[in-house]
There are 2 protein chains.
Amino acid sequence: MATGRDVAQLAGTSTAVVSYVFNNGPRNVSDETRAKVLAAAEKLNYRPNALARALSFGRTASVGLIVPDIANPFFGELARALEDAAIARGDLLLIGDSALDEDREAQIIAAFVERRVDSVVMVSIREHPDFSAFTQAGIPVVALHPVDRGSAASSVTIDYEAAARAAAEHLVSHGYDSIALLNGPYDSVGAGQHRRGFRAAVERADAPIRTSEVNSATSRADAAARALDWLARPDRPRAVTCATDEQAYGVLHAAHRLGLRVPQDLAVMGFDGTGHSAYAVPALSTVRQPIPRIAERAVGLLAEARGDPVHDVLGYELELRESCGCGAGMSYAAPAAPPA
Amino acid sequence: MATGRDVAQLAGTSTAVVSYVFNNGPRNVSDETRAKVLAAAEKLNYRPNALARALSFGRTASVGLIVPDIANPFFGELARALEDAAIARGDLLLIGDSALDEDREAQIIAAFVERRVDSVVMVSIREHPDFSAFTQAGIPVVALHPVDRGSAASSVTIDYEAAARAAAEHLVSHGYDSIALLNGPYDSVGAGQHRRGFRAAVERADAPIRTSEVNSATSRADAAARALDWLARPDRPRAVTCATDEQAYGVLHAAHRLGLRVPQDLAVMGFDGTGHSAYAVPALSTVRQPIPRIAERAVGLLAEARGDPVHDVLGYELELRESCGCGAGMSYAAPAAPPA
DNA sequence: CTGAAAGCGCTTACAG
DNA sequence: CTGAAAGCGCTTACAG
């Protein structure tokens, strides 16, 4: 490929001027010279080498994203929103899929550090993610889940406990006498938040409610397998609230296979609220995370990112549709973000 | 961050030796010196700068992927499979989501060229994709859809027409007297292939079949909107075969809203066959594309990639489940790949 | 087996 | 307004 030197030669000028033209600075270039450079570049089909540029300039104009499972539509939507936000700032988003594998996650982290991404947005699969590779390299990180106190990473999340509680409270308000929580793996941090929210909701109910918790991986396959077994039992719950939409889809599928009607025999609530949830059979009631705002805020924090980590909590929204027992779709007002 | 010079200084040697150690060549290094270098690197937390390496070495060890819609699970699975294949070769996969937008696609192409990815896997949203930016830069491309004759890009696909025909033939074999094709946008290349396959199937049926074609965008939202209207009419078809699973999900949703039972009132076939299709309500019969093999073949072609473009056609598989009227899930043998 | 030096393709003070 | 030159952090012939 043609280099800046080739262009400079053909235009009868220096590489410095070629650079000034392509970067609109930092020095002025006469209109005449600029025209010659652009013509030469056009003719040679010149494309500046971003590697050389980054090496010299000290910025790669790229932000890395690490997600646990790119086949999960929630992360797909998230990647889309982050790409929008990054491109709006002139950056490229590099997406790494850790495929729910810790070694793979570590590989991607190493690759991002070696490629000197300017910043990183991360959804780790580890309970206590190690951000040290990034911090040692001076690369700011924002996690899209709660982080340990004292961690160097910022975070942008919703209040999962409050949201889980809101979801469960809604099922309580329907008057269901037995409600189960289909949670993630028992010991995970996220599972603790969903559990606390769930308990707070059912404990405050007027009539006593029979409750239980079942755990599955965050996949429709695993959730369906569990539910097929669990919902076949005579003491199955009247309603289920799930820690993710993925698990809710598994429950919907299992209910269908078992001949249970949703919501007449079993009410179901999801959690995440991607666009797909509106097209489930039946339409899935869920807690919607504000993906576009999460993405904008994350990229914004990284752009500023100086000094102490910031922990932002954004509002969520209850999206009530058919699966919980509500009729036509209705969307309840978003709770305001709690004070930071 | 520490550089190779810092490491060399601390180890009392030269940057050349640091390079030899970290690359295991091309020169030998004595065990003693190697140990010193590794100790120094460890102490300084040295991470080689991949930009500098690539600039000097001439390879970035990265392959770019451009997909139309990362929120579509088919492309999510594809990205996952390609990442597996790339990492197995020591490369990083960079994922760009064109978000069904031609300008965005062009931006990503430019970004990949500037970053000098070694090769590109592409699913373009354009009818006649322009690969010239890549070919001018000497970057080999494989498209995962048919490409124009004379194009510089290789391709890895299934035989869409034959697969569409197999899907429709299966519905014919159920004896349905009216079958519709829910196709993509009418004028697209892909739509032509689905249309020809569909027609070949219904024309060879023993009894006459009432047929029709409806078009929607490749999204559950648009497919559902169309289907809600269309399937409410008295002349609605007995069975629908769709150009993508996404559209089939929209049909399943619309059928549910209209009170139509699947498959008793309406049989449905999808096309793509991601993992999610098995968990639809009801489980979706579909044509499964061999994603892992597509990914391996694509990365393999790119690694070899010398000379003329190659056009590979892989086999597909009919995945018969509940939605078409088949009982328990059964998977029919994969047709062999036609001769190249 | 090891070191000094050129080169990859940019950017940017430094002179003019 | 423009050019010659140093430097970003690597790799790799070239000498020894």
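The values are calculated or read from the model by the stated rules, or taken from the named source; none is laboratory data. Just so you know, these numbers come straight off a predicted model, no measurement behind them. Glycine also receives a Cβ, built like all others from the backbone with ideal geometry; neighbour counts cover every protein chain displayed. Remember, those area values only see protein heavy atoms, side chains included, never the ligands or the DNA or RNA. Shrake-Rupley method; radii C 1.70, N 1.55, O 1.52, S 1.80 Å.
Determine which single condition A:Ala106 fails, assuming it passes every other condition in (1) more than 16 Å from DNA strand D (Cβ to nearest atom); (2) touching an Asp or Glu at 6+ places or on another chain (Cβ under 7 Å); (3) not aromatic (Phe, Trp, Tyr).
Only one criterion is unmet by A:Ala106, namely (2).
What are the residues in region A:27-40 that are in a helix (DSSP H, G or I) and either acidic (Asp, Glu) or open to solvent by 80 Å² or more (accessible area, probe 1.4 Å) (or both), if any?
Taking region A:27-40 as the starting set, the residues that turn out to be in a helix (DSSP H, G or I) are A:31-40.
Listed by number, the residues that qualify are A:Asp31, A:Glu32, A:Lys36, A:Leu38.
Residue by residue through region B:138-176, note down the ones that are of a type in the set (Gly, Ala, Ser), surrounded by fewer than 16 Cβ atoms within 10 Å (Cβ to Cβ) and over 23 Å from B:Arg288 (Cβ atoms). Let's see the steps before the verdict.
In the first step, residues of region B:138-176 are kept if they are of a type in the set (Gly, Ala, Ser); the result is B:138, B:143, B:150-155, B:162-164, B:166-168, B:173, B:175.
Still in the list and also surrounded by fewer than 16 Cβ atoms within 10 Å (Cβ to Cβ): B:138, B:150, B:152, B:173, B:175.
Answer for region B:138-176, where residues must be of a type in the set (Gly, Ala, Ser), surrounded by fewer than 16 Cβ atoms within 10 Å (Cβ to Cβ) and over 23 Å from B:Arg288 (Cβ atoms): B:Gly138, B:Gly150, B:Ala152, B:Gly175.
Restricting attention to region B:98-105, does a residue exist that is at the interface with another protein chain (Cβ under 8 Å from one of its Cβ atoms) and open to solvent by 30 Å² or more (accessible area, probe 1.4 Å)?
Taking region B:98-105 as the starting set, the residues that turn out to be at the interface with another protein chain (Cβ under 8 Å from one of its Cβ atoms) are B:99, B:104.
Filter once more, so that each one left must be open to solvent by 30 Å² or more (accessible area, probe 1.4 Å): B:104.
Yes, the conditions are met somewhere in region B:98-105.
Could you look through region A:106-125, keep only residues that are under 15 Å from the mean Cα position of the chain (by Cα) and farther than 18 Å from A:Glu83 by Cα, and pick out the one that is nearest to the other protein chains (Cβ to nearest Cβ)?
Residues of region A:106-125 that are under 15 Å from the mean Cα position of the chain (by Cα), as a first pass: A:120-125.
Filter once more, so that each one left must be farther than 18 Å from A:Glu83 by Cα: A:124-125.
On the way: A:Ser124: 17, A:Ile125: 14 Å.
Among those that are under 15 Å from the mean Cα position of the chain (by Cα) and farther than 18 Å from A:Glu83 by Cα, it is A:Ile125.
For region A:41-58, which residues satisfy the criterion of being within 12 Å of DNA strand D (Cβ to nearest atom) and either away from chain B (no Cβ under 11 Å) or surrounded by 13 or more Cβ atoms within 10 Å (Cβ to Cβ) (or both)?
Our first condition is that a residue be within 12 Å of DNA strand D (Cβ to nearest atom); within region A:41-58, this holds for A:49, A:51-58.
Across region A:41-58, the qualifying residues are A:Asn49, A:Leu51, A:Ala52, A:Arg53, A:Ala54, A:Leu55.
Does A:Leu78 count as touching a residue at least 24 places away in the same chain (Cβ under 8 Å) and open to solvent by 50 Å² or more (accessible area, probe 1.4 Å)? Write out each step before concluding.
Values: touching a residue at least 24 places away in the same chain (Cβ under 8 Å): yes; open to solvent by 50 Å² or more (accessible area, probe 1.4 Å): no.
No, not satisfied.
Give the residue that is nearest to B:Leu51 (Cα to Cα), with candidates limited to residues of region A:2-26 that are open to solvent by 30 Å² or more (accessible area, probe 1.4 Å) and in contact with a Phe, Trp or Tyr (Cβ under 8 Å, 6 or more places away or on another chain).
Restricting to residues being open to solvent by 30 Å² or more (accessible area, probe 1.4 Å) and in contact with a Phe, Trp or Tyr (Cβ under 8 Å, 6 or more places away or on another chain), the top hit is A:Thr3.
Return the residues of region A:26-66 that are in contact (Cβ under 8 Å) with a residue 12 or more places away in the chain, hydrophobic (A, V, I, L, M, F, W, C), in contact with a helix residue (DSSP H, G or I) (Cβ under 6 Å, 6 or more places away or on another chain) and closer than 30 Å to A:Phe112 by Cα; say none if nothing qualifies. Steps first, please.
Going through region A:26-66, the residues in contact (Cβ under 8 Å) with a residue 12 or more places away in the chain turn out to be A:29, A:33-34, A:36-41, A:43-49, A:54, A:59-66.
Retained after the next criterion (residues that are hydrophobic (A, V, I, L, M, F, W, C)): A:29, A:37-41, A:44, A:54, A:61, A:63, A:65-66.
With in contact with a helix residue (DSSP H, G or I) (Cβ under 6 Å, 6 or more places away or on another chain) added as a condition, the list becomes A:29, A:37, A:40-41, A:44, A:54, A:63, A:65-66.
Listed by number, the residues that qualify are A:Ala54, A:Val63, A:Leu65, A:Ile66.
Could you look through region A:81-97, keep only residues that are in contact (Cβ under 8 Å) with a residue 24 or more places away in the chain and at the interface with chain B (Cβ under 7 Å from one of its Cβ atoms), and pick out the one that is surrounded by the fewest Cβ atoms within 10 Å (Cβ to Cβ)?
A:Leu92
Anything in region B:59-68 that is assigned to a loop (DSSP other than H, G, I, E, B) and open to solvent by less than 30 Å² (accessible area, probe 1.4 Å)? List them, or say none. Break it down stepwise before answering.
Filtering region B:59-68 for residues assigned to a loop (DSSP other than H, G, I, E, B) gives B:59-61, B:68.
Result: B:Thr60, B:Ala61, B:Pro68.
Working only within region B:228-242, note down all residues that are open to solvent by less than 20 Å² (accessible area, probe 1.4 Å) and touching an Asp or Glu at 6+ places or on another chain (Cβ under 8 Å).
Our first condition is that a residue be open to solvent by less than 20 Å² (accessible area, probe 1.4 Å); within region B:228-242, this holds for B:230-231, B:237, B:239-242.
Listed by number, the list is empty, since nothing qualifies.
When the residues of region A:299-320 are narrowed to those that are acidic (Asp, Glu) and assigned to a strand (DSSP E or B), which ends up most open to solvent (accessible area, probe 1.4 Å)? Write out each step before concluding.
Applying the first criterion (acidic (Asp, Glu)) to region A:299-320 yields A:304, A:308, A:312, A:317, A:319.
This time we only want the ones that are assigned to a strand (DSSP E or B), so: A:312, A:317, A:319.
On the way: A:Asp312: 26, A:Glu317: 46, A:Glu319: 25 Å².
Within region A:299-320, the match that is most open to solvent (accessible area, probe 1.4 Å) is A:Glu317.
Out of the residues in region B:2-21 meeting the condition of being at negative phi and not in a helix (DSSP H, G or I), tell me which one is farthest from DNA strand D (Cβ to nearest atom).
Narrowing region B:2-21 to residues at negative phi: B:2-11, B:13-21.
Still in the running and not in a helix (DSSP H, G or I): B:2-3, B:13-14.
Working: B:Ala2: 7, B:Thr3: 4, B:Thr13: 11, B:Ser14: 7 Å.
Within region B:2-21, the match that is farthest from DNA strand D (Cβ to nearest atom) is B:Thr13.
Just wondering, is there one or more residues in region A:244-252 that are more than 14 Å from chain B (Cβ to nearest Cβ) and touching a Gly at 6+ places or on another chain (Cβ under 6 Å)? Reasoning before the result, please.
From region A:244-252, those more than 14 Å from chain B (Cβ to nearest Cβ) are none; that's our starting set.
Checking region A:244-252: not a single residue is more than 14 Å from chain B (Cβ to nearest Cβ) and touching a Gly at 6+ places or on another chain (Cβ under 6 Å).
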